[in-house]
1. Which whole-number percent gives the relative contact order of the chain, counting Cα pairs below 8 Å spaced six or more residues apart?
2. Based solely on its DSSP helices, what 222 nm [θ] is calculated for the chain when runs of n ≥ 4 H residues each add -39,500 (n - 2.57) and the sum is averaged over all residues, nearest 500 deg cm²/dmol?
3. How large is the translational diffusion coefficient of the chain in µm² per second when you combine the Kirkwood radius over alpha carbon pairs with Stokes-Einstein at 20 °C and 1.002 mPa s?
4. Classify the stretch 45-86 as rounded, prolate or oblate, taking a ≥ b ≥ c as the square roots of the eigenvalues of its Cα gyration tensor: rounded when a/c is under 1.5, otherwise prolate if a/b is larger than b/c and oblate if not.
5. As a test, work out the antiparallel percent of DSSP beta bridges whose residues both lie in the chain, rounded to the nearest 5.
6. Quick check on the stretch 8-48: take the gyration tensor over C-alpha atoms, sort the square-rooted eigenvalues as a ≥ b ≥ c, and tell me if it's rounded (a/c under 1.5), prolate or oblate.
7. When the chain is treated as a GNM, springs tying every alpha-carbon pair under 10 Å, which of 62, 43, 20 comes out with the largest mean-square fluctuation?
8. Using a Gaussian network model on the chain with a 10 Å cutoff between Cα atoms, which of 47, 22, 60 fluctuates the most?
């Protein structure tokens, strides 16, 4: 099961927002993206990398934060397009 979340890193140039998906079984980072903005696109990019890297089976359960980025129209659509479940 992959698990996703966003965190913040303060830098001299402002905040950096990394979004990461971990494979809970192997504890490996399977998808990630970084941006100066905490957006729906950020989490979708990280999810797409995880999907590309692991080619998960249909019906796989994906756990993530319940923030607005994950509640946007884009994130659930990407899950549905790849037959993954929240």
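1. It rounds to 26 percent for the chain.
2. The helix-only estimate for the chain comes to -9000 deg cm²/dmol at 222 nm.
3. After rounding, the answer is 166 µm²/s.
4. Prolate, because a/c is 1.5 or more and a/b exceeds b/c.
5. 85 percent
6. Oblate shape, in that a/c is at least 1.5 and b/c is the bigger or equal ratio.
7. Most flexible of the set in this elastic network: 62.
8. Maximum among the listed residues: 60.
Throughout, read-outs are computed from the coordinates displayed, never taken from laboratory work. These numbers come from a predicted model, not from an experiment.
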